[in-house]
Structures are given as C-alpha cells and as structure tokens.
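Encoded as structure tokens, the structure appears first; notes follow it.
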Amino acid sequence: MLVDEKPARSKELEQALADAGYEVVATLSGRDDLRGRIAALTPDVIIVDMQSPSRDALEDMRRIHEELPRPVVMFVDETDADSIRAAVRAGVSAYVVDGLKGRSVRPVVEVAIARFQEFQALRSELESARTTLADRKLIERAKGLIMRRRRIAEEDAYQLLRKSAMDQKRKLVDVAREVIAMSELL
Amino acid sequence: MTRELSIGITPLADCAPIAVALEHGHFAREGLAVTLSREPSWANIRDKLATGVLDAAHMLAPMTLAASLGIEPVAEPAVTAFALGLGGNAITVSSRLWARLADEGLAAGAPPDACGAALARVLADDRAAGRAPLRFATVFPFSMHGYELRFWLAQAGVTPDRDVRLQVVPPPRMVAELEAGAIDGFAVGEPWGSLAEMRGAGSVLVAVEDLWSRAPEKVLGVNARWLARNHATHKALLRALLAAAHWCDEPENRPELARLLSASHYVDAPESALLGSLAGPKRFHTFHAGDANFPWRSHAMWIATQMLRWGQLEKPLDLRATAARVYRADLYREAAGELGLRAPSADEKSESFGGVRFEPARAAEYATSFAIAKLRVAADELAAAQHARD
C-alpha cells in the first residue's frame, strides 16, 4: 500500500513496485480513510512519503493501538535526504529510503520487512520477559504479606498461595494480586 | 555575524510568535537568518529536530518530554526554554453528536462537567445497544489535546481506552473528517474548531480554557546537543520571540495577525476562522501576557503525571528532576533579563485542571490518584523515585 500526496510521483512508484514484482493494493492520500483501508486490505508493507500528513496517524496506529503490525517504509524525496539517511544508519528512525526507483525497490522493501520481523520478535521477547519479572515481584510481595500475617515460613506461604490458585482454577499471579489488594484494604 | 537557522512550524495558530518574528524582522535584528519549514506531521518535526535538519521547532509541549524520556522511536533529548503560548484548544463535536447531546438536555454553553455527563449518557446508551463506540481524534499521542480530552472524559466517568475510539488525524484534515462522519469529535488547536463551526460541521463543546485556564500548549523545542553548542544563538532566538510574542498579544494587532497567519505558507485557513479564534469572544490564545512564555516546570511535571496515568511511561521517574532537565527556566530568565523583562523567580506553581489541584510537591501522589487510569508504575515505586526536594 502506498500513501502519497503527489499523484504523478505515485504513478511512477506504482510502476517501479509492479516491475519489482509487487502488487500495489491501494494508493491513498491523506484524504482517504487510512485506518479503514488498512484494516480491509491488510497490506504486507506500507510505503509512506515523509511529506504525508498521515505519518502521525500511522505512528499512532502502530505504537498506541498496536493495530498496525505491518512494516512501514518511509521515503524521503527532498533535499534533507542525506541527513535523514545518516540518522537511519544511526538507528534513529525505522525505515527511510530515497527515491524508491527502478531496481532498488525490491531489496529496500525486503530489508524493511526483515527488519520489522526482527523488531517484532525482539519486542515480544522483551514483553514476555517483563511480564515474568513483574509477575514474580507480585508473587513475592503476596508471599511476604501472608508470612507476616499468618506468621508462617516462606515455603508454607507459597504453598498456600498455590493451593488457593489451584482450588480457584486461577493463575498464581492473579491470586497474588488479590492478596495484595485485600491487604491494602485491611 | 549572521547565523543561519532552520525552524520547523506546523499549520496551527500558535506558530504566531515564530511567524511574526520572521515577518517583522525580529530574527534579523538579532542577527539570525531564519528559514521556516512548514512540516505536515509532528513525527517529521521530531525526526528533523533529532537529526539536525531543523535547529528549533514549534512543538507540542509533551513532545520535548517524550523525546527526553526515551519513549519515542527517536531517543534524542529535546529541551525548551520558551512557551509559544497558552491555551487555544477546544473539544469539538459533530452536528449529529451535538443533536444527541441536546436530546440529553444539554444546553448550548453548558459548563464542561455538564457536557461530559451528557456525553457519558450517550456513550452508555450506545454500549447498552451494542453500537460501536464514538470516535474522537487528537493530533499526536504526546499532546496536550490528548491529555485534556482524556482528563475531561475520565472526570465524567468515561474510560477513554474502552468507551471511545481515540485516533490521530492531522489538524487540517479534522473538519473534513467530521463532515464525512469518519469521526464524531476532536480535540485540536485553533482555528480548526472555529472552522468546523463556520462550516456547520460541528460545534465547539468545550473550550479547554474552561477546564484549565492558561494551560500549557506549544513550546519552542531545541535539540539538547544543539543547545550545548549554540547557547548564544539560542538566547538571541528567545529575545526575538519575546518581542514577537508581545506584539501578538496586543488586541489591536490580532486582525493583522489573523491576516498574516491565513497565508498558505503558515496556517492556510480562512482569515475569518483565524480571527474568530484570535480575537473572538472566546479569546483562545495567550501569547505573552502574565509570563505566558515562561517554561513553568509545573507544566512539565503535570504532563509527566499524565504520561504515567495513561501507561505511556513504564518506569518510575523523578518528576521534578525530569522537568528541570527538559524545561530550562534558567535560560528563559537570562534572555528575558537582557531585554529588561521580569521573569518569575519560582520554577513551578500550583495548577488546576477541571477543579482538581495539582501541587508540584505532591506530583507522584497526584499521578497515581486517578480512579480511571492505565498505570504501569506502582505508586510506592514512583514515590520512592522522588529525590529532588524543595
């Protein structure tokens, strides 16, 4: 999917992408319903002009709502291309390429997709590591509360938590959260 | 020696001090040869400031904090020593939604809490009937518009991330999307609310001024590394902007300001809509009076509390120390002093949004005090991170 404000250039890009073996499912401008069309067409990659006012909306979809699990390739077709490219090399912004003409299209799009997948994998890894750590902290806290309140040993407090979770068919961390919430009330 | 500078602006009325500083020769008098770059997105402003394509920019106040706190894809600290103005935002609803609110007994000109209560009833009806949630647009995830809209909704008992759909739309597109029914309301800077009213597409429901008088809005953001090398140039920039902001604030200058800003290389909106927002009865904008350009650290702290509240920050932080790093009140005082202008001696003050007091000394407590929130930082961990004392 192409998001571009300049029809003449869009035509050129569409052709370059078609020559590289891609199918352009839609070419949109800021006046189109970006969110709806992306949801309906589920493009493999979105190519956006840096001068498009839709950049903020695309970023929002990607970062806040996580509605956009798609790589976004941004192209810069202006005099600042050099510094922006330097920035990308330094890891500043996701994917920026210049021109997107002729034969260079395919590798650029492929690299963007590959980098995106790497990023997604890294992120889900981080996410799960973080959850485990946060869960463990909560369970530790609940255990401490039970130990103090019931004056029992750590292992007994843990067993109590586990049994309670099993009896209620709930996750250990959910029971821990409840114990903490209850203790704040009391 | 003349210094060449590139400054980014966006098509909103509060780029006024920058536009006037250029048009009236204030930059030139300070030895600055300024080129303005009209940017179509906040993401562009952020990226170009981070990469040095722009030296300074018209920025949403929260963007400077977001950049400095590493929650943007671009981890390049930004700072500000100058608020470009206060207020100017409004929450506008479509004519269709307005009719539904009127059916709920809402009268035109009702106070913000009554508007919120009526909207909450409409949303509850929709939920009960299984209809899709209403859609509200703001301009960027890190914006005062977003935090103002969320705060107002939550005060009415609405959970923003559940009961409505929040999305981002570029300001110049807002009115058309409202007309087309793609969104049901928006929170944006002027003149776009006034323009929606002029076109009959919607009504300004809440002027944010009624929720928070003289709320923070845009700032002149600069890259922290650039500032370290360009201290004197930065001060010259502030002096020029102070002179321009003073001119923008005079009521008799507002018609000329509206004319100037309506040009296609600035806001590109009808002069009458700009005049409505600059000189109309609502007087949305303050550009200079009452220390409006001073970068109050309490503004930065309040913004950070809302970033915490809505889950944009996931690590505890020292709120006062963060504000001191990003909001350079010291640099403002230097520049103002050179012009013989007085500046506040305090760095922070108490603020008030929707009748809820915000005391900077109790910022951490405030951040975790809201019933409707999406906190990802524990209250005790946040409290423990507050080291900077009075």
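The values are calculated or read from the model by the stated rules, or taken from the named source; none is laboratory data. Owing to the predicted nature of the structure, the values given are computational and were not obtained by experimental measurement. Glycine also receives a Cβ, built like all others from the backbone with ideal geometry; neighbour counts cover every protein chain displayed.
Give me the pairs, please: first residue somewhere in region B:202-228 and of a type in the set (Phe, Trp, Tyr), second residue anywhere and surrounded by fewer than 20 Cβ atoms within 10 Å (Cβ to Cβ), beta-carbon distance under 8 Å, and either six or more positions apart or on two chains.
Listed pairs, sorted by first residue: B:Trp212/B:Ser352; B:Trp212/B:Phe353; B:Trp212/B:Gly354; B:Trp226/B:Gly52.
Quick check on region B:80-106: of everything there that is at pLDDT below 95 and of a type in the set (A, V, I, L, M, F, W, C), which residue is farthest from the chain's Cα centre (by Cα)?
Looking at the filtered set, the residue picked out is B:Ala90.
State whether one or more residues within region B:335-343 are basic (Lys, Arg), in the same structural domain as B:Ala61 (by TED's automatic domain parsing), closer than 21 Å to B:Glu148 by Cα and not in a helix (DSSP H, G or I). So that I can check it myself, show each step before the final result.
Initially, region B:335-343 is screened for residues basic (Lys, Arg), giving B:342.
After this cut, where a residue has to be in the same structural domain as B:Ala61 (by TED's automatic domain parsing) as well, the list is B:342.
Of the ones still in play, those that are also closer than 21 Å to B:Glu148 by Cα are none.
No, region B:335-343 contains no residue that is basic (Lys, Arg), in the same structural domain as B:Ala61 (by TED's automatic domain parsing), closer than 21 Å to B:Glu148 by Cα and not in a helix (DSSP H, G or I).
Listed here are the residues, each with its yes/no results for (1) surrounded by fewer than 24 Cβ atoms within 10 Å (Cβ to Cβ); (2) outside the structural domain of B:Leu195 (by TED's automatic domain parsing); (3) over 23 Å from B:Gly354 (Cα atoms).
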position: B:Ala289; (1), (2), (3): yes, yes, no
position: B:Ala292; (1), (2), (3): yes, yes, no
position: B:Pro295; (1), (2), (3): no, yes, no
position: B:Trp302; (1), (2), (3): no, yes, no
position: B:Leu308; (1), (2), (3): no, yes, no
position: B:Gln312; (1), (2), (3): yes, yes, no
position: B:Asp318; (1), (2), (3): yes, yes, yes
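Applying the selection to region A:3-49, what residues are hydrophobic (A, V, I, L, M, F, W, C), closer than 26 Å to B:Ala180 by Cβ and under 20 Å from the mean Cα position of the chain (by Cα)?
Within region A:3-49, A:Val3, A:Leu34, A:Ile38, A:Ala39, A:Ala40, A:Leu41, A:Ile46, A:Ile47, A:Val48 meet the criteria.
Going through region A:38-65 one residue at a time, which ones are over 27 Å from B:Leu12 (Cβ atoms), touching a residue at least 12 places away in the same chain (Cβ under 8 Å) and either within 10 Å of chain B (Cβ to nearest Cβ) or in a helix (DSSP H, G or I) (or both)?
A:Ala39, A:Leu41
If B:Asp113 satisfies every condition in (1) closer than 26 Å to B:His299 by Cβ; (2) in contact with a strand residue (DSSP E or B) (Cβ under 9 Å, 6 or more places away or on another chain); (3) surrounded by fewer than 19 Cβ atoms within 10 Å (Cβ to Cβ) but one, which is the exception?
Among (1) closer than 26 Å to B:His299 by Cβ; (2) in contact with a strand residue (DSSP E or B) (Cβ under 9 Å, 6 or more places away or on another chain); (3) surrounded by fewer than 19 Cβ atoms within 10 Å (Cβ to Cβ), B:Asp113 violates only (2).
Checking B:Pro141 against (1) within 14 Å of another protein chain (Cβ to nearest Cβ); (2) buried (at least 21 other Cβ atoms within 10 Å of the Cβ); (3) assigned to a helix (DSSP H, G or I), only one condition comes out false. Which one?
(3)
Which one of the conditions (1) farther than 21 Å from B:Arg254 by Cβ; (2) surrounded by fewer than 24 Cβ atoms within 10 Å (Cβ to Cβ); (3) not assigned by TED's automatic domain parsing to the domain that holds B:Phe353 does B:Ala224 fail to meet, given that it meets all the rest?
(3)
When region B:146-174 is examined, which residues are found to be outside any loop (DSSP other than H, G, I, E, B), away from every other protein chain (no Cβ under 14 Å) and either at positive phi or aromatic (Phe, Trp, Tyr) (or both)?
In the first step, residues of region B:146-174 are kept if they are outside any loop (DSSP other than H, G, I, E, B); the result is B:146-155, B:160-163, B:165-168, B:171-174.
After this cut, where a residue has to be away from every other protein chain (no Cβ under 14 Å) as well, the list is B:148, B:151-155, B:163.
Within region B:146-174, B:Phe151, B:Trp152 meet the criteria.
Inside region B:269-287, can you point out the residues that are buried (at least 23 other Cβ atoms within 10 Å of the Cβ) and more than 15 Å from B:Ser213 (Cα to Cα)?
Listed by number, the residues that qualify are B:Ala269, B:Ala273, B:Leu274, B:Ser277, B:Leu278.
Give the residue, chosen from B:Glu177, B:Glu190, that is buried (at least 19 other Cβ atoms within 10 Å of the Cβ) and within 12 Å of chain A (Cβ to nearest Cβ).
That would be B:Glu177, the only listed residue that is buried (at least 19 other Cβ atoms within 10 Å of the Cβ) and within 12 Å of chain A (Cβ to nearest Cβ).
Given the conditions (1) touching a residue at least 60 places away in the same chain (Cβ under 8 Å); (2) on the phi > 0 side of the Ramachandran plot, which single one is not true for B:Gly130?
Condition (1) is where B:Gly130 drops out.
Under the condition of being crowded, with 24+ Cβ neighbours inside 10 Å and either touching a Phe, Trp or Tyr at 6+ places or on another chain (Cβ under 6 Å) or away from every other protein chain (no Cβ under 14 Å) (or both), which residue from region B:27-54 is modelled with the highest pLDDT?
If we take residues in region B:27-54 being crowded, with 24+ Cβ neighbours inside 10 Å and either touching a Phe, Trp or Tyr at 6+ places or on another chain (Cβ under 6 Å) or away from every other protein chain (no Cβ under 14 Å) (or both), then B:Phe27 is modelled with the highest pLDDT.
Go through region B:55-79 and count every residue that is among the β-branched types (Val, Ile, Thr) and within 12 Å of chain A (Cβ to nearest Cβ). Steps first, answer last, please.
Keep residues of region B:55-79 that are among the β-branched types (Val, Ile, Thr), which gives B:64, B:71, B:74, B:79.
Within this subset, residues satisfying the condition of being within 12 Å of chain A (Cβ to nearest Cβ) are B:71, B:74.
The total comes to 2.
Among the residues of region A:33-60, count how many are within 13 Å of B:Arg173 (Cβ to Cβ), surrounded by fewer than 18 Cβ atoms within 10 Å (Cβ to Cβ) and small (Gly, Ala, Ser).
So the answer is 0.
Do you know which residues across region B:220-270 are among the β-branched types (Val, Ile, Thr) and either under 22 Å from the mean Cα position of the chain (by Cα) or closer than 16 Å to B:Val20 by Cβ (or both)?
Initially, region B:220-270 is screened for residues among the β-branched types (Val, Ile, Thr), giving B:222, B:233, B:267.
Once the filter is applied, which keeps residues that are among the β-branched types (Val, Ile, Thr) and either under 22 Å from the mean Cα position of the chain (by Cα) or closer than 16 Å to B:Val20 by Cβ (or both), region B:220-270 yields B:Val222, B:Val267.
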